[in-house]
Amino acid sequence: MNRQQERSIANDYLKSLSTKVMRITLLKGGLIHKTFLVEAMNGESYVLQGMNTQVFKNPNLIVLNQQNIARFLAEKKYPKFSLELLSNAQQNYLLQDTKGQTWRMFKAITPSKSMEVLTHPKQAFEAAKALSEFHAFLREYPAEEIQASIPGFLDFKNRLTYYQHAKEAGIPYRKTQARSWMEKVTRYQSVLDDYFRIEPFLPIRVIHADPKLSNFLFDANGKKVLALIDWDTIMAGSILYDIGDMIRSFCQVGAEDSEHQTAFFQAEILKEILTGYVHGPMNDHLTDVERAHFLLGAKAVILIQGIRFLSDYLLGDLYYWVEDETHNLRRAKNQFKMLEELMDLE
Ligand code: GN1
Ligand code: MG
């Protein structure tokens, strides 16, 4: 699709605001949706997304979840920005173009800054406090009412089953290329066994399920967290998943897909996250089992993320967006190396 068509989709949303697109630019960073920044004639900015409906098969469910959560947070006077969806002239939040692509548009949160790499360790402290606040504000939201936007998304056993399938049905050449990384999965299986042992004792809460660094919007000077965005995967699960995924994303050295690195895990950032989270309001509500297993959660999430990338590599890049043949393998390697460094810390 060329930009002209995206412009006309954006204009459809902007009609009800009596304005039009001035400029539209592709935003990089996401691995699933196609995201554009829309600057309008009225001086405001918006975010237009072409949704990946292979991954999110029920976009209406996401809209429903997001609207319910935004309403709930507003009632609770949540102090950060919430996501605000725009509707088009026909009062629809979702639009379908002639090719069947589903679109949505948000109000942009501006001025703000989204980062791929931290510029100061204190940002990790602030973000962990913000995650703690997000969890605390959603504590009374009925978790059982949220239907998972991706069934089985948080189920590690399900990820292992898929990996088994990838090992059997994967492309033979890629299996050879990935052999030493597949051995890592076997080597670190005990991390998952440990996790499965505590899992039945973990409270089920409302979690974000994708608290990667770029989903925290900071103010222009990178000091204060303004919002935790990307609510597509908010669902019922353990907060250890969120804390673990935050550690995974924030503590990595360089980008998720970088090459030729020599160091992978930043222990000083880990410290900031662990202290930041308990400086937030969830500290008053943690159970002993949760409090004792932040690190185990991180190890399990990192390993599972490595397994997800590796499975996708073996099966020929069906899930994640890739720019070349070894992109998913590179991503997987970095996860395994990060896990190794985290394991060595103890
Ligand atoms: C995907 O699309 P994005 O970048 O927000 C993925 C996460 C992974 C992440 C790794 C729905 O998130 O689970 O942790 O990539 N989202 C989905 O960068 O699979
Ligand atoms: Mg996401």
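The values are calculated or read from the model by the stated rules, or taken from the named source; none is laboratory data. Everything numeric in this text was worked out from a predicted model, so none of it was measured. All Cβ positions, glycine included, derive from the backbone under ideal geometry; neighbour counts span all protein chains shown. Just the protein is used for accessible areas: all its heavy atoms, side chains included, with ligands, DNA and RNA removed. Shrake-Rupley method; radii C 1.70, N 1.55, O 1.52, S 1.80 Å.
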Failed condition for E259, given (1) modelled with pLDDT of 95 or more; (2) charged (D, E, K, R); (3) more than 16 Å from ligand 1 (Cβ to nearest atom), with all others met?
(1)
With the requirement that a residue be open to solvent by 70 Å² or more (accessible area, probe 1.4 Å), closer than 14 Å to F106 by Cα and not in a strand (DSSP E or B), what does segment 17-36 give you?
L17
Pick out the one residue from E183, E199 that is open to solvent by less than 70 Å² (accessible area, probe 1.4 Å) and out of contact with any Asp or Glu (no Cβ under 8 Å at 6 or more places or on another chain).
E199
Tally of residues being buried (at least 18 other Cβ atoms within 10 Å of the Cβ) and in contact with a Phe, Trp or Tyr (Cβ under 8 Å, 6 or more places away or on another chain) across segment 248-265
2
Output the qualifying pairs, or none if there are none: Cβ atoms under 7 angstrom, residues six or more apart or on different chains, first residue in segment 183-205 and under 13 Å from G306 (Cα atoms), second residue modelled with pLDDT under 95 and open to solvent by 60 Å² or more (accessible area, probe 1.4 Å).
none
What about D242, is it open to solvent by less than 10 Å² (accessible area, probe 1.4 Å), touching a residue at least 60 places away in the same chain (Cβ under 8 Å), within 16 Å of ligand 1 (Cβ to nearest atom) and in a helix (DSSP H, G or I)?
yes
Would you be able to say whether some residue in segment 297-315 is at pLDDT 95 or above and open to solvent by 50 Å² or more (accessible area, probe 1.4 Å)?
no
Consider only pairs whose beta carbons are under 9 Å apart and that are at least six residues apart or on different chains; among these, list those whose first residue lies in segment 22-33 and is at positive phi and whose second residue is more than 6 Å from ligand 1 (Cβ to nearest atom) and not in a loop (DSSP other than H, G, I, E, B).
G29/T35; G29/S214
Just to be sure, is S18 touching a Ser or Thr at 6+ places or on another chain (Cβ under 8 Å) and either small (G, A, S) or within 16 Å of ligand 2 (Cβ to nearest atom) (or both)?
no
May I ask you to say which residue of T119, T53 is polar (S, T, N, Q) and either within 16 Å of ligand 2 (Cβ to nearest atom) or without any contact (Cβ under 8 Å) to a residue 12 or more places away in the chain (or both)?
T53
Residues to consider are I62, I69; find the one that is away from ligand 1 (no atom under 16 Å from the Cβ), under 24 Å from the mean Cα position of the chain (by Cα) and open to solvent by less than 20 Å² (accessible area, probe 1.4 Å).
I69
Considering only segment 202-225, how many residues are closer than 18 Å to A128 by Cα and either within 16 Å of ligand 1 (Cβ to nearest atom) or open to solvent by less than 30 Å² (accessible area, probe 1.4 Å) (or both)?
15
Any chance you could count how many residues in segment 77-116 are more than 18 Å from G43 (Cα to Cα) and outside any strand (DSSP E or B)?
22
